[in-house]
Amino acid sequence: MRFSIIIFCFNEVGNLQRVVADVLTVMDGIAEQYEVILVNDGSTDGTGELCDRLCANNRHVRTIHHPVNLGIGEALRTGYQEARLDYVCAIPGDGQFRITDLLELTPFGTDRFIAYYREETGYNIYRRTLTWLNRAFNQHVLGIFLRDVNWVKVYRREHLEMTRPKLHSSLIETEITAKLAKCHVYPLEIPTSYLQRDYGNAKGGNWRTLRMAIGETYRLWQICTTFKL
């Protein structure tokens, strides 16, 4: 398997080195060829400098820097646009995805993608409410029945070329999966653990991320309902 692994990060200097080391170990075990793309989303805590050091120390690693923090959606867009190999997976640099789950992957065709879902998140009531609202919108408006649309996936690169993502917020994953459903490409859902971070604070449910997603919700509906191959 030929893999592009995207690691997107914002102020993850205390987590990133371990995440990259784990990714390299797993990729050495399953991939005949791979690239690790670090997307530093305008970090201010030394993450950018760490990315450059990791890049200099391993030929498989390259780094892309956003000059300012643009949010999860833009970090994903950057990584997906830069991916060059057959299978594409984006993971957060916070260490909360169990990277060894990738060891179980086997090749799959363009009629499937892999969607990991968290069996238990440990979210507070605010994050649980956001998750419920997001799932309800996806199911009743977009017809997406994924257990965990916002968690890690493995696509074929053709899926990203096929769907041509347009959104800039964290809803980009919803856009991709909704478009894939219209193309009769369906998920194979796999349970995974949601690990505790060793350093820093979660950023996925902050007000800035939420505001960007709310602002693009109507555009998401327009894009997905008018999408054609």
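Placing a pseudo-label 7 Å from each Cα along the Cα-to-Cβ vector at ARG127 and ARG53 gives an inter-label distance of 2.8 nm. Label-to-label distance, GLU120 versus GLN139, with points set 7 angstrom from Cα along the beta-carbon direction: 2.2 nm. The fewest-to-most ranking of CYS9, CYS89, CYS55, CYS183 by surrounding Cβ atoms within 10 Å reads CYS183, CYS55, CYS89, CYS9. Here the 3J(HN,Hα) profile of segment 72-85, calculated from phi with Karplus coefficients 6.51, -1.76 and 1.60 at θ = phi - 60°, is 4, x, 5, 4, 5, 4, 4, x, 5, 5, 8, 5, 10, 9 Hz, Gly and Pro shown as x.
Using Cβ contacts closer than 10 Å as the measure, can you line up PHE108, PHE3, PHE137 from fewest to most? Can you show the working numbers first?
Values: PHE108 14, PHE3 24, PHE137 17.
Ranking PHE108, PHE3, PHE137 by Cβ neighbours within 10 Å, fewest first, gives PHE108, PHE137, PHE3.
When the Cα positions of GLY79, THR63, PHE97 are compared along the charge dipole of segment 55-122, THR63 comes out farthest toward the positive end, with charges on each C-beta of Lys, Arg, Asp and Glu.
Between the listed residues VAL149, ALA115, GLN196, the Cα displaced farthest toward the positive end of the dipole of the chain, a dipole computed from Cβ unit charges relative to the Cα centre, is found at VAL149.
The fewest-to-most ranking of HIS65, HIS140 by surrounding Cβ atoms within 10 Å reads HIS140, HIS65.
Calculated FRET efficiency, GLN222 and THR110, Cβ-Cβ r, R0 30 Å, to nearest 0.05?
Calculated value: 0.70.
Gyration tensor analysis over the Cα atoms of the chain returns equivalent ellipsoid semi-axes of 25, 21, 17 Å (largest first, whole Å).
Every read-out reported here was derived from the displayed coordinates using simple, explicitly stated rules and does not represent laboratory data. Just so it is clear, the structure is predicted and the values come from calculations on it, not from any experiment. Cβ atoms come from the backbone with ideal geometry, glycine included; neighbour counts cover every protein chain shown.
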